Amino acid sequence: MTDLTDQRLAAQYEAYPYPQRDPRDEAKRLIVGSPGHLREVDYWVFGATRPTSRPLRVLVAGGGSGDATIMLAQQMARQGRQGTVTWLDRSAAALKIAQARAAARGLNNIVWEQRSLLDLPDSGLGPFDYIDCCGVLHHLPDPETGLRALLAVLAPGGGMGLMVYAPHGRTGIYMLQDGLRLLAPPDQDPAARLDIARRVMKHLPETAWLRSNRSVTDHLGGGDAGLYDLLLNPRDRAYTVPALHDLLAGVGLTVACWVEPIRYDPIPLLPDPRLRARIATLSPLQRAALAESLAGNIAAHIVYCTRSSEPARRADPYQPDAVPICREMTGEDIAKTIQVNDTIFFNLDGLRVPVAVPPLAAAILRQIDGKRSVGEIGAQLAARGTSAEAFGRAWRALFPALEAVNRLLLAAPNG
Ligand SMILES: C[S@@+](CC[C@H](N)C(=O)[O-])C[C@H]1O[C@@H](n2cnc3c(N)ncnc32)[C@H](O)[C@@H]1O
């Protein structure tokens with residue numbers, strides 16, 4: 001199912017493959033992010049219960065110029081993990097860039113499929129254990145149809161990582177899109193439209209909401225592709241927490257994690273005890289909606305979800321054989337950010353959130369290397385005089401505190 005707007009969308013991503021990337025930069029850095037970070041997939045999708053030896057079949061639907069594909073393929077290659085990452089997108093221009101990036105890295109675990117994700121159900125592709133679909137569903141003529149197409153190729157026990165736009169953190173964008181449609185109608189050539197947008201940006205009034213919006217940066221550092229995608233995209237819609245929940249529930253998906261979980265918790269935002277008593281009466285979904293409304297800075301929702309019909313899976317972080325792992329920063333690095341009052345401040349798109357950690361946090365964090373188990377970390381601390389009770393108490397405070405900011409997860413079991 002396609003329409004004129006969808007054809008314009010396809011033309012956009014041929015003219016300006018997204019995101020704007022230079023394959024030569026692969027020699028300098030690996031771009032990592034959510035959704036799709038392998039450690040997040042291991043933990044938030046599979047609950048740290050799926051052995052690393054099991055081949056992982058990944059689909060990146062609407063893979064664009066390759067960020068998630070390259071990240072996952074590289075992370076799997078580095079860890080010697082078996083499996084493949086299938087890049088799928090309609091854009092030939094994006095394919096060329098993504099393939100050049102993969103070649104620059106010598107990755108040979110990627111399968112390339114230039115086609116529409118709406119054709120997945122009859123494609124013969126799959127099934128896939130993990131499906132990544134970042135920044136795509138909200139552009140489709142009917143996002144629910146797109147989601148069902150993905151579900152048709154999701155393996156039993158599999159899960160998805162999705163990103164869709166959120167309205168409050170995109171304040172300023174839709175009004176500019178409206179204005180630009182008047183000056184640069186969607187039926188015009190993409191290059192001519194981009195020229196108009198660039199001219200407008202030079203004269204953007206100081207009161208324009210986009211100027212005060214710290215949650216989006218595509219117009220500042222995203223190049224031509226970023227500016228076009230933000231302000232000239234022929235179709236994008238934004239989902240509040242309840243709207244996204246409804247979309248997912250409607251196709252039989254349940255959110256295993258809203259990333260980062262703390263962003264969807266109103267408690268840190270409202271210290272007033274009376275308000276906290278009220279919050280206690282709200283459902284988890286209402287709390288998440290409240291946090292979204294209060295913070296106002298969520299520009300995109302990133303969720304990991306699994307089938308509602310399948311039992312939730314999550315290893316127990318308090319069992320001695322659980323292996324904690326930091327997502328990107330090392331435990332040592334996180335330990336260095338602890339302030340004198342046992343607090344770490346996290347900056348979430350301009351929102352400074354204090355996270356209280358126990359006094360033993362630094363000592364524990366320094367032991368976390370993604371290999372040592374909780375039992376082994378406790379033994380290390382015991383050798384220096386920390387009682388098992390004190391360690392257990394500290395771990396029960398530290399793990400959820402840093403899990404909530406998506407910095408501390410559990411590793412997938414070896415074997
Ligand atoms: C905003 S880009 C996102 C790219 C990438 N996922 C990322 O986050 O960096 C949207 C991508 O979705 C692709 N796309 C849009 N509709 C599609 C469809 N029906 N089937 C496959 N890809 C599609 C576009 O070609 C484009 O590359």
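The values are calculated or read from the model by the stated rules, or taken from the named source; none is laboratory data. Given the structure is predicted, the values throughout are model-derived calculations rather than measurements. Cβ sites come from the backbone with ideal geometry, for glycine too, and all protein chains shown count toward neighbours. Each accessible area value is taken on the protein alone, full model and side chains, heavy atoms only, with ligands, DNA and RNA left out. Shrake-Rupley method; radii C 1.70, N 1.55, O 1.52, S 1.80 Å.
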Could you say whether any residue in the range 249-271 is under 30 Å from Pro185 (Cα atoms), in a helix (DSSP H, G or I) and touching a strand residue (DSSP E or B) at 6+ places or on another chain (Cβ under 8 Å)? no
Failed criterion for Pro121 (all others in (1) within 12 Å of the ligand (Cβ to nearest atom); (2) part of a helix (DSSP H, G or I); (3) open to solvent by 20 Å² or more (accessible area, probe 1.4 Å) hold): (1)
Scope the range 266-301; condition over 13 Å from Leu351 (Cα atoms) and of a type in the set (Asp, Glu); matching residues: Asp272
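Please state which one of Ala61, Ala27, Ala92 is open to solvent by less than 40 Å² (accessible area, probe 1.4 Å) and either touching a residue at least 24 places away in the same chain (Cβ under 8 Å) or more than 15 Å from the chain's Cα centre (by Cα) (or both). Quick ask: steps written out before the conclusion?
Details: Ala27 fails: open to solvent by less than 40 Å² (accessible area, probe 1.4 Å); Ala92 fails: open to solvent by less than 40 Å² (accessible area, probe 1.4 Å).
Among Ala61, Ala27, Ala92, only Ala61 is open to solvent by less than 40 Å² (accessible area, probe 1.4 Å) and either touching a residue at least 24 places away in the same chain (Cβ under 8 Å) or more than 15 Å from the chain's Cα centre (by Cα) (or both).
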The range 344-355 residues that are in contact (Cβ under 8 Å) with a residue 12 or more places away in the chain and closer than 17 Å to Leu408 by Cβ, paired with ones that are hydroxyl-bearing (Ser, Thr, Tyr) and assigned to a strand (DSSP E or B) (beta carbon under 8 Å, 6 or more apart): Pro354/Thr343; Val355/Thr343
Picked from the range 124-137 (must be near the ligand (Cβ under 8 Å from one of its atoms) and not small (Gly, Ala, Ser)), the residue farthest from Gly36 (Cα to Cα) is Val136
Considering only residues that are charged (D, E, K, R) and within 20 Å of Arg235 (Cα to Cα), look in the range 185-215 and name the one that is surrounded by the fewest Cβ atoms within 10 Å (Cβ to Cβ). Asp187
Just one of the numbered conditions (1) part of a loop (DSSP other than H, G, I, E, B); (2) away from the ligand (no atom under 16 Å from the Cβ) is not true of Ala191; which one? (1)
Quick count over the range 166-184, residues being open to solvent by 40 Å² or more (accessible area, probe 1.4 Å) and either closer than 22 Å to Thr5 by Cβ or free of Cβ contacts under 8 Å to residues at least 60 places away in the same chain (or both), is 6
Going through the range 138-165 in order, the residues found to be in a loop (DSSP other than H, G, I, E, B) and either within 10 Å of the ligand (Cβ to nearest atom) or open to solvent by less than 10 Å² (accessible area, probe 1.4 Å) (or both) are Leu140, Pro141, Val153
If you go through the range 150-184 one residue at a time, how many are within 20 Å of the chain's Cα centre (by Cα) and hydrophobic (A, V, I, L, M, F, W, C)? 8
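Restricting to the range 96-118, and then to whatever is part of a helix (DSSP H, G or I) and open to solvent by less than 30 Å² (accessible area, probe 1.4 Å), can you tell me which residue is nearest to Gln75 (Cα to Cα)?
Taking the candidates together, the pick is Ala102.
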